[in-house]
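The values are calculated or read from the model by the stated rules, or taken from the named source; none is laboratory data. Quick caveat, the model's predicted, so the values are computed rather than measured. Heads up, the Cβs are rebuilt from the backbone with ideal geometry, glycines too, and the neighbour counts pull from every protein chain shown.
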Amino acid sequence: MTDSAAGICGTPLPLAGRHAVVSGAGGGIGSAVVRTLLTQGAIVHALDRDGRVQLALADRLAAGAQLSVHEIDLADRRASDRALERLLGQLPGRCDILVNNAGIAQVCSFERTPDELLDALLACNFSGHFRLTRQLLPALKASGHAAVVNIASELALIGQRGYSAYSATKGAMLAWSRALAIELAPERVRVNAVCPGPVDTPMLRAEFGSDADPVAARAGEIATVPLGRLGEAAEIASVVAFLASDAAGFVTGAAWSVDGGKTAR
């Protein structure tokens, strides 16, 4: 057994040898998911629209980790279809794990939301994942134990001022996850959603930075979390890895809130 497939004292890693596709792999949560899956033995095919993956992961890859990087903008339908054809050529006829993580956010009141912003949010946060999953479906079915993990948001469950368009796209991810779980259950493909709360990522920091008082915006967000802090990307990644593993073999159609208790209020 190779080092990449074994843990301490030769104990098999939970995801050893499994092929995983992760979108949005260069972002805060995405790069944490990639690192966690690699650490657990998976062979990861990382997708990102601007090649940030290498910069985010270059100094953190475990020895023997197997990673391929694909520059794909899921919001660009024609370009992504061509890139995904190349990705399919690298898979061994199957895909064991798919993490639909890519996403963007922008604070904007409902009445000021332009069509261009709505279209961009829908394309990146929902419809791109719909098409990616559809294109990978034959490979997922071929796995025999495939797991799809969709990254939604706590704002798919509760409302928040300034996020009407973003919330709509994440609500779509959540509803789609439930419907897809029922449809793909006979094919032994599990589908679950993870709903992160406020997580300390570059995207959230940028949102705070766009506020007139970034310090107050951060403090106000933390005040909504019963645990009294922002989440860490690694905490989201650990739940994703669990849902992708055989330990969650009887879990499908579920929405996992990882939000410090924010939606429990």
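Return the pair list, or none, for Cβ contacts closer than 7 Å from residues in region 124-137 that are within 17 Å of Lys170 (Cβ to Cβ) and crowded, with 17+ Cβ neighbours inside 10 Å to residues that are of a type in the set (Lys, Arg) and modelled with pLDDT of 95 or more, at least 6 apart or on different chains.
That search, which allows pairs on different chains as well, returns Asn125/Lys170.
Here's a check for you: in region 221-245, which residue that is assigned to a helix (DSSP H, G or I) and not hydrophobic (A, V, I, L, M, F, W, C) is farthest from Arg190 (Cα to Cα)? Talk me through it step by step, then tell me what you get.
Let us first name the residues in region 221-245 that are assigned to a helix (DSSP H, G or I), namely 221-222, 233-244.
So of that shortlist, the ones also not hydrophobic (A, V, I, L, M, F, W, C) come out as 221, 235, 238.
Working: Glu221: 33, Glu235: 21, Ser238: 17 Å.
Among them, the one singled out is Glu221.
Taking the criterion of being part of a helix (DSSP H, G or I), touching a Ser or Thr at 6+ places or on another chain (Cβ under 9 Å) and among the hydrophobic types (A, V, I, L, M, F, W, C), would at least one residue in region 246-264 satisfy it? Walk me through how you get there before you give the answer.
Start the filter on region 246-264 by keeping residues that are part of a helix (DSSP H, G or I), which leaves 246-248, 262-264.
Checking the rest, the ones that are also touching a Ser or Thr at 6+ places or on another chain (Cβ under 9 Å) come to 262-264.
Add one more test, that the residue is among the hydrophobic types (A, V, I, L, M, F, W, C), and what stays is 264.
Checking region 246-264: at least one residue is part of a helix (DSSP H, G or I), touching a Ser or Thr at 6+ places or on another chain (Cβ under 9 Å) and among the hydrophobic types (A, V, I, L, M, F, W, C).
Could you say which residue among Ala172, Ala185 is within 15 Å of the chain's Cα centre (by Cα) and either of a type in the set (Gly, Ala, Ser) or surrounded by fewer than 21 Cβ atoms within 10 Å (Cβ to Cβ) (or both)? It would help to see each step written out before you state the result.
Values: Ala185 fails: within 15 Å of the chain's Cα centre (by Cα).
Of the residues listed, the single one that is within 15 Å of the chain's Cα centre (by Cα) and either of a type in the set (Gly, Ala, Ser) or surrounded by fewer than 21 Cβ atoms within 10 Å (Cβ to Cβ) (or both) is Ala172.
Report, by residue number, each residue of region 191-211 that is within 13 Å of Ile236 (Cβ to Cβ) and hydrophobic (A, V, I, L, M, F, W, C).
Scanning region 191-211 gives Ala193, Val194, Cys195, Val199, Met203, Leu204.
Residues in region 139-152: is at least one within 14 Å of Ala105 (Cβ to Cβ) and buried (at least 20 other Cβ atoms within 10 Å of the Cβ)?
Yes, region 139-152 contains at least one residue that is within 14 Å of Ala105 (Cβ to Cβ) and buried (at least 20 other Cβ atoms within 10 Å of the Cβ).
Within region 155-168, how many residues turn out to be within 14 Å of Ser257 (Cβ to Cβ) and either among the small types (Gly, Ala, Ser) or not in a helix (DSSP H, G or I) (or both)?
Narrowing region 155-168 to residues within 14 Å of Ser257 (Cβ to Cβ): 155-158.
With either among the small types (Gly, Ala, Ser) or not in a helix (DSSP H, G or I) (or both) added as a condition, the list becomes 156-158.
Qualifying residue count, region 155-168: 3.
Just one of Val69, Val21, Val53, Val44 is surrounded by 24 or more Cβ atoms within 10 Å (Cβ to Cβ) and modelled with pLDDT under 90; which is it? So that I can check it myself, show each step before the final result.
Numbers: Val69 fails: surrounded by 24 or more Cβ atoms within 10 Å (Cβ to Cβ); Val21 fails: modelled with pLDDT under 90; Val44 fails: modelled with pLDDT under 90.
Going through Val69, Val21, Val53, Val44 in turn, just one is surrounded by 24 or more Cβ atoms within 10 Å (Cβ to Cβ) and modelled with pLDDT under 90: Val53.
Would you check if there is a residue in region 203-215 being within 30 Å of Leu137 (Cβ to Cβ) and either surrounded by 15 or more Cβ atoms within 10 Å (Cβ to Cβ) or within 15 Å of the chain's Cα centre (by Cα) (or both)?
Our first condition is that a residue be within 30 Å of Leu137 (Cβ to Cβ); within region 203-215, this holds for 203.
If we keep only those that are either surrounded by 15 or more Cβ atoms within 10 Å (Cβ to Cβ) or within 15 Å of the chain's Cα centre (by Cα) (or both) as well, we get 203.
Checked against the condition, which is being within 30 Å of Leu137 (Cβ to Cβ) and either surrounded by 15 or more Cβ atoms within 10 Å (Cβ to Cβ) or within 15 Å of the chain's Cα centre (by Cα) (or both), region 203-215 yields at least one hit.
State which residue pairs qualify: first residue in contact (Cβ under 8 Å) with a residue 24 or more places away in the chain and inside region 177-188, second residue surrounded by 11 or more Cβ atoms within 10 Å (Cβ to Cβ) and among the charged types (D, E, K, R) in any location, beta carbons under 6 Å apart, and separation of 6 or more residues or different chains.
Matching pairs, first to second residue: Glu187/Lys141.
Could you list, in sequence order, all residues of region 77-93 that are outside any helix (DSSP H, G or I) and either small (Gly, Ala, Ser) or modelled with pLDDT under 90 (or both)? If you could, list the steps in order and put the result at the bottom.
First, pick out the residues of region 77-93 that are outside any helix (DSSP H, G or I): 91-93.
Answer for region 77-93, where residues must be outside any helix (DSSP H, G or I) and either small (Gly, Ala, Ser) or modelled with pLDDT under 90 (or both): just Gly93.
Do we have Leu157 as closer than 24 Å to Val191 by Cβ and either of a type in the set (A, V, I, L, M, F, W, C) or crowded, with 23+ Cβ neighbours inside 10 Å (or both) here? Can you show your working first?
Working: closer than 24 Å to Val191 by Cβ: yes; either of a type in the set (A, V, I, L, M, F, W, C) or crowded, with 23+ Cβ neighbours inside 10 Å (or both): yes.
Yes.
In region 81-112, which residues are surrounded by 17 or more Cβ atoms within 10 Å (Cβ to Cβ) and more than 20 Å from the chain's Cα centre (by Cα)?
Cys108
Run Arg161 past the list (1) touching a strand residue (DSSP E or B) at 6+ places or on another chain (Cβ under 7 Å); (2) modelled with pLDDT under 95 and report the number of the one that doesn't hold.
Going through the list (1) touching a strand residue (DSSP E or B) at 6+ places or on another chain (Cβ under 7 Å); (2) modelled with pLDDT under 95, Arg161 breaks only (1).
Could you list, in sequence order, the residues of region 120-146 that are among the charged types (D, E, K, R) and under 17 Å from the mean Cα position of the chain (by Cα)? Please lay out each step first, then the result.
At the first step, the residues of region 120-146 found to be among the charged types (D, E, K, R) are 131, 134, 141.
The answer is Arg131, Arg134.
Can we say Ala241 is among the aliphatic types (A, V, I, L, M), surrounded by fewer than 20 Cβ atoms within 10 Å (Cβ to Cβ) and under 30 Å from Arg18 (Cβ atoms)? Write out each step before concluding.
Values: among the aliphatic types (A, V, I, L, M): yes; surrounded by fewer than 20 Cβ atoms within 10 Å (Cβ to Cβ): no; under 30 Å from Arg18 (Cβ atoms): yes.
For Ala241, the condition - among the aliphatic types (A, V, I, L, M), surrounded by fewer than 20 Cβ atoms within 10 Å (Cβ to Cβ) and under 30 Å from Arg18 (Cβ atoms) - is not met.
Select from region 169-220 the residues that are more than 30 Å from Ala247 (Cα to Cα), part of a helix (DSSP H, G or I) and of a type in the set (D, E, K, R) and list them in ascending order. Break it down stepwise before answering.
Going through region 169-220, the residues more than 30 Å from Ala247 (Cα to Cα) turn out to be 202-220.
Retained after the next criterion (residues that are part of a helix (DSSP H, G or I)): 202-209, 214-220.
Scanning region 169-220 gives Arg205, Glu207, Arg218.
Which residue pairs have Cβ atoms under 6 Å apart, sit 6 or more places apart or on different chains, and have a first residue in region 23-39 that is in a helix (DSSP H, G or I) and a second that is surrounded by fewer than 24 Cβ atoms within 10 Å (Cβ to Cβ) and not hydrophobic (A, V, I, L, M, F, W, C)?
Sorted first by the residue in region 23-39, then by its partner, the pairs are Gly28/Thr201; Gly28/Pro202; Arg35/Arg60.
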